[in-house]
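Okay, structure first, notes after.
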């Protein structure tokens, strides 16, 4: 596959394989003496998000959060650093946990000493059009604030975290990688380190441009149900349905307009018959929300981070990701903002989960290195 449609399509295929994979992970968790490794626990809770509560777009403000607490959490009084992980478009916290085997990865990493015990938080930011794009919207609610304010405040109040930016890391994959960079810039006083995995739609490029046929498909759609069905059923043979759903979600986040029927957003392009009409106001609003274009206004915030890392696959399914990730890295370099940027051999998802995947081999050690594990001399923030 070579486009954004591959993401949802491959998620669906991977879920089919989960049960045998889970059995293998259970067997791996048995040590040489036949005893299971000490396990952490996943706690699922719901919160009423103030940042989304009064939205005008029909989004549910009651949000689910999955929280991994390390082995021995219930028996101790210890406080822990926290990693926040943001999921991609079309999935949620539960699917990410199962698909990547995150609980098993955390258990083994802690048991083998690869990382010190930490808390891992996965908020559910799936919404009506399958993705919030972690953006504050006058229509759909303030999804950046949901992460940077609501979720962090709830976790610090209800779990034994170390409540300081130096002990909070922010990460995400695809749409979540975009969100990690965006929210990191907006909330540098809350998080101290950021890891963006295959961050999507950082800027126009390749498969993600205003010439994408998904815009025309969306402009011809008659109902919300039609848009969502095309998105959910899309595969490599019908990619425009996937793009149409993506653009509807992005429009609701970046250029909301309640007067527009169905998806309530003004798009960068529309059509009169087959003739294209460009909306420069909407284009500027979208581009203002692209993380590459946000760097210049957040230089000091970015320089305040302990560490920043971006990675992407050489054989990425979405042509824009390697190009725009490199753009982001080069722009950071221009401003002399220290960071790590790495291309690896892999595609959008095949090197993400599992014990040989990037979460286990790169992301967890990254935060183990750059987060603070001591509460002493740290004032609450």
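Each value in this text was obtained by applying a stated rule to the coordinates, not by laboratory testing. Only a predicted model underlies this, so the values are computations on that prediction, with no experimental measurement involved. Every residue, glycine among them, receives a Cβ derived from its backbone with ideal geometry; neighbour counts consider all protein chains shown.
The listed peptides 38-49, 107-118, ordered by packing as a protection proxy, come out as 107-118, 38-49 (highest mean of other Cβ atoms within 10 Å first).
Shown is the FRET efficiency for residue 297 and residue 319, computed with R0 = 22 Å from the Cβ-Cβ distance and rounded to the nearest 0.05: 0.20. The slack in the chain from residue 112 to residue 262, taken as 0.36 nm per residue of separation less the alpha-carbon distance, amounts to 48.9 nm.
A full extension of the chain between residue 272 and residue 343 corresponds to an added length of 21.4 nm, given 0.36 nm per residue minus the alpha carbon distance.
Once R0 is set to 25 Å, what does the formula 1/(1 + (r/R0)^6) return for the Cβ-Cβ distance between residue 48 and residue 138, expressed as a FRET efficiency to the nearest 0.05? With R0 = 25 Å, the Cβ-Cβ based efficiency is 0.80. Sorted fewest first by neighbouring Cβ atoms within 10 angstrom, 195, 335, 360 come out as 335, 360, 195. Shape analysis of region 266-345 places it in the oblate category; the axes a ≥ b ≥ c from the Cα gyration tensor give an a/c of at least 1.5, with a/b not above b/c. Sorting 159-172, 270-283 by average packing, meaning the other beta carbons within 10 Å per residue, from highest down gives 159-172, 270-283. Each of residue 281 and residue 211 was given a label point 7 Å from its Cα along the Cα-to-Cβ line. The distance between the two points is 2.7 nm.
Given their separation in residues at 0.36 nm each and the Cα-Cα distance between them, residue 355 and residue 94 gain 92.1 nm when the chain is fully extended.
Quick one: in region 102-171, what % of C-alpha pairs are over 14 Å apart? So the portion of pairs separated by more than 14 Å is 67 percent. Across region 242-381, Cα pairs under 8 Å and at least six residues apart give a relative contact order of 15 percent.
Rounded to the nearest 10 degrees, the inclination of helix 5-16 to the longest alpha-carbon principal axis of the chain is 40 degrees. Annotation for region 64-92 versus region 310-328: alpha-carbon center distance of 28 Å. For region 227-381, the extents of the C-alpha atoms along the principal axes are 62, 35, 31 Å, listed from largest to smallest. Most mobile of 198, 219, 125 per a Gaussian network model of the chain (Cα springs, under 10 Å)? In this elastic network of the chain, the residue with the biggest mean-square fluctuation among 198, 219, 125 is 219.
For helix 175-186, what angle does its Cα long axis make with the longest principal axis of the chain, in degrees from 0 to 90 and rounded to 10? Approximately 80 degrees, to the nearest ten.
Principal axis analysis of the Cα atoms in region 214-285 yields extents of 32, 24, 20 Å, listed in decreasing size.
For the pair residue 304 and residue 333, a Förster radius of 25 Å applied to the C-beta separation gives a FRET efficiency near 0.90, rounded to the nearest 0.05. Between 0 and 90 degrees, the angle of helix 102-111 with respect to the longest Cα principal axis of the chain falls at about 30 degrees. The smallest convex shape that holds all Cα atoms of region 260-305, its convex hull, gives 100 Å³ per residue. Estimated purely from DSSP H runs of n ≥ 4, each contributing -39500 (n - 2.57), the mean residue ellipticity at 222 nm for the chain is -10000 deg cm²/dmol once divided by its residues.
Explain nothing, just the number: relative contact order of region 214-285, from Cα pairs under 8 Å at least 6 residues apart, as a whole percent.
Computed value for region 214-285: 26 percent relative contact order.
Taking label points 7 Å from Cα along the Cα-to-Cβ direction, residue 56 and residue 160 give a separation of 4.6 nm. Looking at the chain alone, DSSP beta bridges between its own residues are antiparallel in about 45 percent of cases.
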